[in-house]
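Written below as structure tokens is the structure these notes are about.
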Amino acid sequence: MIEVKYFGAVAEKTQCTFENVVSSNISLQDLLQDLEAKYKFESLSFSVAVNQKIVSKTTDYTLKTSDIVALLPPFAGG
């Protein structure tokens, strides 16, 4: 099971802060496409982290069952 965590505007859109996705050997890109189809993120801007490391949405990464994917709102330093 892959845990997907939502923060900021993404959490507001999904109306939850996390969900578990039952899938094995799914790519990060496929997971993001599935979530886009489910929640219609449209113009939402967010970053993606896998296991607490920011990654590109286009990264060719195959998720494992213990992975945690986070969809994070844009943030700025200060």
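The values are calculated or read from the model by the stated rules, or taken from the named source; none is laboratory data. Everything numeric in this text was worked out from a predicted model, so none of it was measured. Note that we place each Cβ from the backbone using ideal geometry, even for glycine, and neighbour counts take in every protein chain shown. For accessibility, only protein heavy atoms count, side chains too; no ligands or nucleic acids. Shrake-Rupley method; radii C 1.70, N 1.55, O 1.52, S 1.80 Å.
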For this session: Name the long-range amide H neighbours of residue 18: under 5 Å, sequence gap of 5 or more, or other chain; modelled H, no Pro or chain starts.
Result: 6
For this session: Please compute the net charge surrounding residue 10, taking Lys and Arg as +1 and Asp and Glu as -1 over other residues with Cβ under 15 Å from its Cβ.
Result: -1
Exercise. Which chymotrypsin sites (Phe, Trp or Tyr not before Pro) does segment 15-78 hold that lie in a coil by DSSP with at most 11 other beta carbons within 10 Å?
Worked result: 75
Seminar exercise, completed: In degrees, nearest 10, the alpha-carbon axis of helix 28-39 is tilted away from the dominant principal axis of the alpha carbons of the chain by 60
For this session: Please give the contour-minus-distance gain from residue 44 to residue 11: 0.36 nm per residue of separation, less the Cα-Cα distance, rounded to one decimal in nm.
Result: 10.8 nm
For this session: Would you work out what percent of the accessible area of segment 2-72, with all protein chains in place, is carbon or sulfur (probe 1.4 Å)?
Result: 49
Problem set entry | Distance from segment 37-78 to segment 11-33 (C-alpha centre basis), Å | 9
Exercise. So which trypsin sites (Lys or Arg not before Pro) in segment 25-78 are both in a DSSP loop and have at most 12 other Cβ atoms within 10 Å of their Cβ?
Worked result: 40, 57, 64
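How big is the convex hull of the Cα atoms of segment 1-72, per residue, in Å³?
Normalising the Cα hull of segment 1-72 by residue number yields 78 Å³.
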Seminar exercise, completed: Net charge near residue 46 (other residues with Cβ under 12 Å of its Cβ; Lys, Arg +1; Asp, Glu -1) is 0
Seminar exercise, completed: With -39,500 (n - 2.57) per DSSP H segment of 4 or more residues and division by the full residue count of the chain, the 222 nm estimate, nearest 500 deg cm²/dmol, is -7000 deg cm²/dmol
